[in-house]
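The values are calculated or read from the model by the stated rules, or taken from the named source; none is laboratory data. Here the structure is a predicted model, which means the values were calculated and not measured. Cβ coordinates were reconstructed from backbone atoms using ideal geometry, including for glycine residues, and neighbour counts include every protein chain displayed.
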Amino acid sequence: MLFEPDRGSAFTLSSETYGDAIVVRAAGELDYRSAPVLREHLGRVWATPGMAALVVDLSEVAFCDSVGLSELVDALQRSEAAGVRLMLSGVHGVLSRVLSITGLRKAFEIHDEPGAALRRAGADRPTGRPADGDPCPAP
């Protein structure tokens, strides 16, 4: 999905299935404008039958405000309720500091990159198909 904030940085999401795990790659600014886009996308991902693990790759997220952070916490709670293992990868910069300062770093399972998270989840073979049948169609 594409969202064009006034600051000029587009927010994009894509998903790929790896065995019983799904990697959602986010890029751009995760803020009050794009958080609903992430919520909607993850809603479609959670509808995938047989999913055991969800990796949210944030390596290309340049900015995350409190609403974006709240969306990640909501994703964690929803994953726990659904019995799906949620892992974050590529956490860096301000987001890394904010997670540490707020104590949320301990709440999330964090890996350097998606491959490490997938290996940890035991789902390192791609099935070659997007998680939701289409790599994030525009709204």
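Every residue, every condition in (1) of a type in the set (D, E, K, R); (2) at pLDDT 95 or above, yes or no:
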position	(1), (2)
8	no, no
36	no, yes
39	yes, yes
46	no, no
60	yes, yes
65	yes, no
Matching entry among 55, 91, 37 (being free of Cβ contacts under 8 Å to residues at least 40 places away in the same chain, at negative phi and touching a Leu at 6+ places or on another chain (Cβ under 8 Å)): 91
Residues that are more than 9 Å from the chain's Cα centre (by Cα) and crowded, with 19+ Cβ neighbours inside 10 Å, drawn from the range 17-38: 17, 18, 21, 22, 28, 29, 30, 31, 34, 35, 37
Filter result for the condition that a residue is under 17 Å from residue 121 (Cα atoms) and among the aromatic types (Phe, Trp, Tyr), over 63, 108, 11: 108
Only listed residue being on the phi > 0 side of the Ramachandran plot and of a type outside the set (A, V, I, L, M), chosen from 68, 43, 19: 19
Options 82, 107: the member that is more than 16 Å from residue 25 (Cβ to Cβ), loosely packed, with under 13 Cβ neighbours inside 10 Å and in contact with a helix residue (DSSP H, G or I) (Cβ under 8 Å, 6 or more places away or on another chain): 82
Top-ranked residue in the range 36-58 [being in contact with a helix residue (DSSP H, G or I) (Cβ under 8 Å, 6 or more places away or on another chain) and among the small types (Gly, Ala, Ser); ranked as nearest to residue 117 (Cα to Cα)]: 53
